[in-house]
Protein chains: 2
Amino acid sequence: MKGTQLIKVHHLGISQSERIVWQCEELNLDYQLLRYDRDPVSRRAPLEYKALSRLGIAPVIEDGDLVLGESGAIVEYISRRYANGRLIPGPGDAGFVDFLFWFHFANGTLVPSIMMDLSALRLGLPAKPAATKAQGSRTDGAYDAIEQRLGAAAYMAGDEFTAADIMMFFPLTTMRFFAPRDLTPYPNVRAYVRRVGERPAYRRAMAKADPDFAPLLS
Amino acid sequence: MKGTQLIKVHHLGISQSERIVWQCEELNLDYQLLRYDRDPVSRRAPLEYKALSRLGIAPVIEDGDLVLGESGAIVEYISRRYANGRLIPGPGDAGFVDFLFWFHFANGTLVPSIMMDLSALRLGLPAKPAATKAQGSRTDGAYDAIEQRLGAAAYMAGDEFTAADIMMFFPLTTMRFFAPRDLTPYPNVRAYVRRVGERPAYRRAMAKADPDFAPLLS
């Protein structure tokens, strides 16, 4: 940390900004947590949260004069600037390629695919009409791929816990609060979610970030 | 390159895999381009393309035994493994933070937001009914943010062309073939698209990747 300046983590309740709180706990960084609750009826972010960034999306951090959004960017920023790249394997590390794939897959494919399902659901469309079949099956295909991966490795990138786990965990857990999914067909995913959910840093993060929310670990 | 092994770039016509062809041209890498045309009616990827990866999504590269998908992962892989990180600023470089934001924003927010608009369009919903207003306005907000950014800097990350431009260019250009958007309200975006579209590497890439398609540079 530069001088006494702390990273401010603006956390929207029950949102992907839990990743940033968790990362700070994993890295034992000093940080200041600022919580914002969703509207209890619409579940939308409050206006004061939306005002933090031009696009009104979570997460957002402040670091001195810097205001930065976008989970993937924030996770890379924190690891590279404040932890010598910890949790981010480089080209010389085992798991480099798997790390890259799953790290980018989380927000590049998995989350958008679930958002599409959710959007269809909210529009009152049947679960898988012809027009959205390709989207529904993309999330199914993603789950199949994750299940297979977790049958071959303990963590997304291989033997070691990395930022790819931090990125992938939210869609496999908390995001199911909005887009329910039964994990019964995915025993490897279930075991992974249970095991990673026991990490002390995750427990500390969730207790601080969403004290009234029980993490979805099954 | 290891020995005589070439990276194989599997390119689905008129898709975000154009980014990988472009990156290889920018870096002057030797690579083997394999093209696949979309079905002329459904515009879907052919089965042989879908068979390349479990999720059937573009782009896909092969590098020896490795098969890798997900644009962001591939772009990072190629720069870090074969070009000493060229096009990817590190913590000590100017533009590090802006690079991170726009690189991740491209596939983490902008492309999914346009996909949501496109999905509403295909379902025959009016352009912005109440239920999809938030989604429509997210793409609008994204364009406003990009317009403002390009009023302050020549490239997404600052003074230098980086992989953030490679990631952002597809949604600003080719993706408008599927989800039309009039760039008239965005003069900075128009100037950027025209200027970057004149890069010799982009022209070579598009001529090879989509020879029958005129790049959408206005």
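Is it fair to say B:Gly90 is free of Cβ contacts under 8 Å to residues at least 40 places away in the same chain and either closer than 17 Å to A:Pro89 by Cα or touching a Leu at 6+ places or on another chain (Cβ under 7 Å) (or both)? Yes. Scan the stretch B:61-70 for residues that are surrounded by 16 or more Cβ atoms within 10 Å (Cβ to Cβ) and either of a type in the set (D, E, K, R) or part of a loop (DSSP other than H, G, I, E, B) (or both) and the total you get is 3.
Residue pairs whose Cβ atoms lie under 6 Å apart, separated by 6 or more positions or on different chains, with the first residue in the stretch B:192-203 and within 24 Å of B:Asp30 (Cβ to Cβ) and the second not acidic (Asp, Glu), are B:Tyr202/B:Trp22. Just one of the numbered conditions (1) part of a loop (DSSP other than H, G, I, E, B); (2) out of contact with any Phe, Trp or Tyr (no Cβ under 6 Å at 6 or more places or on another chain) is not true of B:Arg176: (1). The single residue among A:Ala58, A:Ala73, A:Ala45 that is under 23 Å from B:Phe105 (Cβ atoms), outside any loop (DSSP other than H, G, I, E, B) and within 14 Å of chain B (Cβ to nearest Cβ) turns out to be A:Ala73. Of all residues in the stretch A:43-67, those satisfying the criterion of being without any contact (Cβ under 8 Å) to a residue 12 or more places away in the chain and closer than 17 Å to B:Arg138 by Cα are A:Arg44, A:Pro46, A:Leu47, A:Lys50, A:Ala51, A:Arg54, A:Gly56. Of the residues making up the stretch A:141-166, those that are among the charged types (D, E, K, R) and within 12 Å of another protein chain (Cβ to nearest Cβ) number 3. Between B:Gly108, B:Gly90, the distinction of being of a type outside the set (Phe, Trp, Tyr), surrounded by fewer than 21 Cβ atoms within 10 Å (Cβ to Cβ) and either at the interface with chain A (Cβ under 10 Å from one of its Cβ atoms) or part of a loop (DSSP other than H, G, I, E, B) (or both) belongs to B:Gly90 only.
Throughout, read-outs are computed from the coordinates displayed, never taken from laboratory work. Since the structure is predicted, the reported quantities are computational estimates derived from the model, not experimental observations. Here Cβ is always computed from backbone atoms with ideal geometry, including for glycine, and neighbour counts include all displayed protein chains.
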